[in-house]
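Some notes on the structure that comes next.
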Amino acid sequence: QAMQAKNIEKANTALTKAQNIISEFRVTLKMEYDISKQLFPLYNYVYDGLVQGNLQQDTAKIEECKGIITELRNAWHEAMKTARKEQVGS
């Protein structure tokens, strides 16, 4: 929204915050798990997309990254709901 409003400083702050969050996701992965090995390149892709989107003021790239992370968040949310149901059912 900030980028579309031509508020470059606010857009940069928001995108830098998102980049930091993705960086934290990457460094906290435990690579002994297969899921971590699958998530690492995805996080790299999203991080690089956020950086490029920020540098080039490319809202399409930023929206793509947002979509990937939203989809991943939704998948984790569903997995947690399923795990809770299984735990209660045990």
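Every number here is computed from the coordinates shown, using simple stated rules; none is lab data. Computed from a predicted structure; not experimentally measured. Cβ sites come from the backbone with ideal geometry, for glycine too, and all protein chains shown count toward neighbours.
The alpha-carbon atoms of the chain define a convex hull whose volume equals 102 cubic angstrom per residue. By the helix-only formula, in which each DSSP H run with n ≥ 4 contributes -39500 (n - 2.57) and the sum is divided by residues, the chain has a 222 nm mean residue ellipticity of -29000 deg cm²/dmol. For region 20-90, GluC sites (Glu not before Pro) meeting the loop criterion (DSSP other than H, G, I, E, B) and having at most 11 other Cβ atoms within 10 Å: Glu32. Modelled spin labels at Thr59 and Asn12, positioned 7 Å past Cα toward Cβ, are 2.0 nm from each other. Pairs exceeding a 26 Å alpha-carbon distance, out of Lys17/Lys37; Lys30/Lys81; Lys61/Lys81; Lys37/Lys81: Lys61/Lys81. With both labels modelled 7 Å from their Cα along Cα-to-Cβ, the Asp48 to Ile21 distance reads 2.2 nm.
Taken as Cα centroids, region 61-86 and region 1-27 sit 20 Å apart, rounded to the nearest whole angstrom.
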